[in-house]
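Notes for the one structure printed next.
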């Protein structure tokens, strides 16, 4: 066994973290969103939030090969690029909050944001915004703040994309997949610059590439456009279960 991998294999609750990674990848593969909304609440039960954010960001490398190639062909790449650039500009502020905030506060924030996002989706609430350049930039900037501080870069973008009228399901799914994968990977240099990327997180992230990659590969092949409602319902159920299970007052 390589010496650098030893810290990851000795993590308490490793089997549960790997299971959360597999489940998150599966949901992301067939629904196009929801990976962090499942992984982060569950992973922070066993890991400090900065370690969980760093490890999950690194595991997103798997999506570059399992999800992004298909999404790239379908997505509105210009619109998504505006949101990605804006997200990159505000991520350092979010990471700064992650660095200084108490762990329980971050855990509570992760679960609260997860459950609030789910409630909005179940209620059919959408961001009633015109999808212009300025709006997309604002949504991307907000995602940088939530992503850097909690690992949840998805909620603002999910609610915005799902609320874009006249956009085909396949395009919405592809836009989300591109944004979530590329911005998750962008967290890594920001975490490193602020001292939140120790060898422990890198080793765990490399290890999680396997279950997350298997999950996204399987989920992407399960996806059928005609079953979009079923996939979305399954994602909602698992997101809700993860958000409730991760609340800090249970542990």
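With the chain treated as a Gaussian network of Cα nodes joined by springs under 10 Å, which of 233, 148, 132 yields the largest mean-square fluctuation? Greatest mean-square fluctuation among the candidates belongs to 132. Relative to the dominant Cα principal axis of the chain, helix 133-150 is inclined by about 20°. On full extension, the segment bounded by residue 226 and residue 244 gains 3.5 nm, given 0.36 nm per residue less the C-alpha separation.
Annotation: peptides 8-16, 83-91, ranked by per-residue average of other Cβ atoms within 10 Å with the highest first, follow the order 83-91, 8-16.
Using Cβ contacts closer than 10 Å as the measure, can you line up 231, 236 from fewest to most?
Ascending number of Cβ neighbours within 10 Å: 236, 231.
Once C-alpha pairs closer than 8 Å and six or more residues apart are averaged by separation and normalised to the residue number of the range 130-231, the relative contact order reads 19 percent. Remark: relative contact order (the range 55-143) = 56 percent; criterion is Cα-Cα distance under 8 angstrom and separation of 6 or more residues. Pairs of Cα atoms nearer than 8 Å and 6+ residues apart set the relative contact order; for the range 3-250 it is 42 percent.
Angle of helix 77-100 to the longest C-alpha principal axis of the chain, folded into 0 to 90 degrees and rounded to 10: 30°. If I fit a long axis through the Cα atoms of helix 228-245 and take the longest principal axis of the Cα atoms of the chain, what angle between them do I get, 0 to 90°, rounded to 10? Long axis of 228-245 versus the principal axis of the chain: about 40 degrees.
Estimated at 0.36 nm per residue, the fully extended path between residue 103 and residue 10 surpasses their Cα-Cα distance by 31.4 nm.
Taken together, the values in this text are just the output of simple stated rules run on the coordinates, not laboratory data. Just so it is clear, the model here is predicted, and its values are computed rather than measured. Cβ: placed from backbone, ideal geometry, glycine included. Neighbour counts: every protein chain shown.
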